[in-house]
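The values are calculated or read from the model by the stated rules, or taken from the named source; none is laboratory data. These numbers were taken from a predicted model, which means no experiment stands behind them. Cβ placement follows ideal geometry from the backbone for every residue including glycine, while neighbour counts extend to all protein chains displayed. For the accessible areas, the whole protein counts, side chains as well, though only heavy atoms, and no ligand, DNA or RNA atoms are used. Shrake-Rupley method; radii C 1.70, N 1.55, O 1.52, S 1.80 Å.
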Amino acid sequence: MDIIQITENKKQYIDLLLLADEQESMIDRYLERGELFVLEDSRVKAICVVTDEGDGVCELKNIAVTPEFQRQGYGKRLINYLVTHYSGKYSQMIVGTGDVPSTVKFYQSCGFEYSHRIENFFTDNYDHQMIEDGIILKDMIYLKRKI
Ligand SMILES: CC(C)(COP(=O)(O)OP(=O)(O)OC[C@H]1O[C@@H](n2cnc3c(N)ncnc32)[C@H](O)[C@@H]1OP(=O)(O)O)[C@@H](O)C(=O)NCCC(=O)NCCS
């Protein structure tokens, strides 16, 4: 299993990026300034994008695991890698997500805890209704983890 940073032609991973963030114009807001990592294990299994938010904080903007390989530990392995990779550079990692129990459980199992909520983030910023696990997304929930 290899985790590599991609610096060129990041849009080649757009299909996976859209799994976690289904509006391309929102991905365009962070993809170029963010650092993109790909986890390969024979083939591409997972990707993520991390941005520098200043004051010792980095933000996990996008993490997605290829559907047929979800729930096999790849998402958690990628986060563990990021924590080690960034631990000398940042003191905290944050992540914003929809208020959906399955996703929040994933981040909690990776050591994140609730930080704060941005009301109406999804309804204000996306051009269509976002539905995840049958839940209409409205607020963004932020979680944080010391690294
Ligand atoms: C969310 C996502 C990145 C998780 O990655 P993953 O590789 O499937 O998750 P892991 O196998 O590493 O899960 C680690 C632990 O998180 C928890 N977890 C993961 N998915 C979960 C789910 N759907 N429901 C409840 N708990 C879950 C479990 O505790 C799991 O451990 P277990 O399988 O031993 O019970 C992946 O499912 C995905 O790409 N989903 C679609 C895109 C997305 O929603 N991205 C996040 C947007 S903010």
* Can you tell me which residues in region 81-101 are open to solvent by less than 60 Å² (accessible area, probe 1.4 Å) and within 16 Å of the ligand (Cβ to nearest atom)? -> LEU82, VAL83, MET93, ILE94, VAL95, GLY96, THR97, GLY98, VAL100
* Within region 121-147, how many residues turn out to be within 14 Å of ASP99 (Cα to Cα), assigned to a strand (DSSP E or B) and open to solvent by 30 Å² or more (accessible area, probe 1.4 Å)? -> 4
* Can you find a residue in region 50-60 that is open to solvent by 80 Å² or more (accessible area, probe 1.4 Å) and modelled with pLDDT under 95? -> no
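Matching residues to (1) within 11 Å of the ligand (Cβ to nearest atom); (2) open to solvent by less than 10 Å² (accessible area, probe 1.4 Å); (3) of a type in the set (Lys, Arg):
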| position | (1), (2), (3) |
| --- | --- |
| GLU24 | no, no, no |
| LEU31 | no, yes, no |
| GLU40 | no, no, no |
| VAL44 | no, no, no |
| ASN62 | yes, yes, no |
| VAL65 | yes, no, no |
| GLN72 | yes, no, no |
